[in-house]
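S.K.: Handing you this structure, nothing more for now.
No lab work stands behind these numbers, since they all come straight from the coordinates. Everything numeric here is computed off the predicted structure, so don't read it as measured data. Here the Cβ positions follow ideal geometry from the backbone for every residue, glycine too, while neighbour counts run over all protein chains shown.
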Amino acid sequence: MMRWRTPARLITSARRLLSSHNAHESNLVYLEEVVSVQEEARLCAYLDEGWLKRRRYEKGHWDSVISKYKEAELVGDLPGDVASIVTRLMGELVLPRYDHKPTAAEMMAPHVVDLDADGFISPHVDNVRHSGAVLAGLSLLSTRTLRLHKDGAPEEGLIEQVLRPRSLYMLKGPLRYDFAHSILAGTHRRLSVIFRDAHAPIH
Ligand code: OGA
Ligand code: MN
């Protein structure tokens, strides 16, 4: 069902968006152009050659949290140029941003999510068995919106961040486990490379 919002309600929600964003300013970091257009093309070509091109988009798993997706892990010996992009992002941008000083050795294999044009990830909180305190996502190929809100309360603490291709977002603190996150449907294919550590969650 569609419901019209009155202007007053729109203003309140815009205000709420602004103030909750400020409250979590340091817990959501967003950086643009962290890889060049050439590096983006190289990463995508490698991922396509390696796995993605040969696979079909699947309907959904994780209790239908994700729809029209493919996924892979960046494990084993990566070609030198791909490995150096990953190492640079982790060493220069991701790891220094976390207070508990995670080391590269504590990071899990980067997780690749390939969303079809109309694929999306519904609101969820990451499973603590497969993730720790660090969450960083490199977005490639197309623009999507990341939406965060209090877990179980879609109207509370709403934060939206537009994720452009070649950008990196990082979540920490309460945004990691007290908030649910989702990636809205778009109009073009989108790839993400997700970096996580294997620490116990820190609140
Ligand atoms: C996930 C996830 C977000 C993204 O894989 O759990 O939330 O940016 N991914 O792809
Ligand atoms: Mn997630």
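S.K.: What net charge do the residues around residue 111 carry, taking every other residue with its C-beta under 10 Å from that of residue 111, with Lys and Arg at +1 and Asp and Glu at -1?
M.R.: Values: positive: 196; negative: 71, 73.
Within the 10 Å Cβ shell, the charges total -1.
S.K.: Would you please classify the overall shape of the stretch 32-105 from the alpha carbon gyration tensor, given that a ≥ b ≥ c denote the square roots of the eigenvalues, rounded means a/c under 1.5, and beyond that prolate means a/b larger than b/c while oblate covers the rest? Spell out each step's value before the answer.
M.R.: On the way: a/c = 2.06, a/b = 1.37, b/c = 1.50.
Oblate is the answer for the stretch 32-105, as a/c is 1.5 or above yet b/c matches or exceeds a/b.
S.K.: Net charge near residue 79, counting Lys/Arg +1 and Asp/Glu -1 over other residues with Cβ under 12 Å of its Cβ?
M.R.: Working: positive: 42; negative: 49, 77, 81.
Combined, the nearby Lys, Arg, Asp and Glu give -2.
S.K.: If I stretch the segment between residue 75 and residue 92 completely, what's the gain in nm (0.36 nm per residue apart, minus their alpha carbon distance), one decimal? Walk me through the numbers on the way to the answer.
M.R.: On the way: separation 17, 0.36 × 17 = 6.12 nm, distance 2.04 nm.
My answer for the length gained is 4.1 nm.
S.K.: Describe numerically, in nm with one decimal, the distance between label points set 7 Å from Cα along Cα→Cβ at residue 56 and at residue 162.
M.R.: That separation, rounded to one decimal, is 3.5 nm.
S.K.: When we measure straight from the Cα of residue 68, which aspartates and glutamates land under 14 angstrom away, once same-chain ones fewer than 8 places off are left out?
M.R.: Excluding near neighbours in sequence, the set is 58, 114, 116, 118.
S.K.: Moving on. Sequence neighbours fewer than 8 away in the same chain don't count; with that in mind, list the lysines whose C-alpha is under 24 Å from residue 70.
M.R.: In chain and number order, the partners are 53, 59.
S.K.: Taking 0.36 nm per residue of separation and subtracting the Cα-Cα distance, what length does fully extending residue 38 through residue 108 add? Don't skip to the end; give the middle numbers.
M.R.: Numbers: separation 70, 0.36 × 70 = 25.20 nm, distance 2.55 nm.
Computed gain between residue 38 and residue 108 is 22.7 nm.
S.K.: Return the lysines within reach of residue 101: Cα separation strictly under 22 angstrom, same-chain partners fewer than 8 residues apart disregarded; answer none if there are no such residues.
M.R.: Answer for residue 101, where 22 Å is the Cα cut-off: 172, listed by chain and number.
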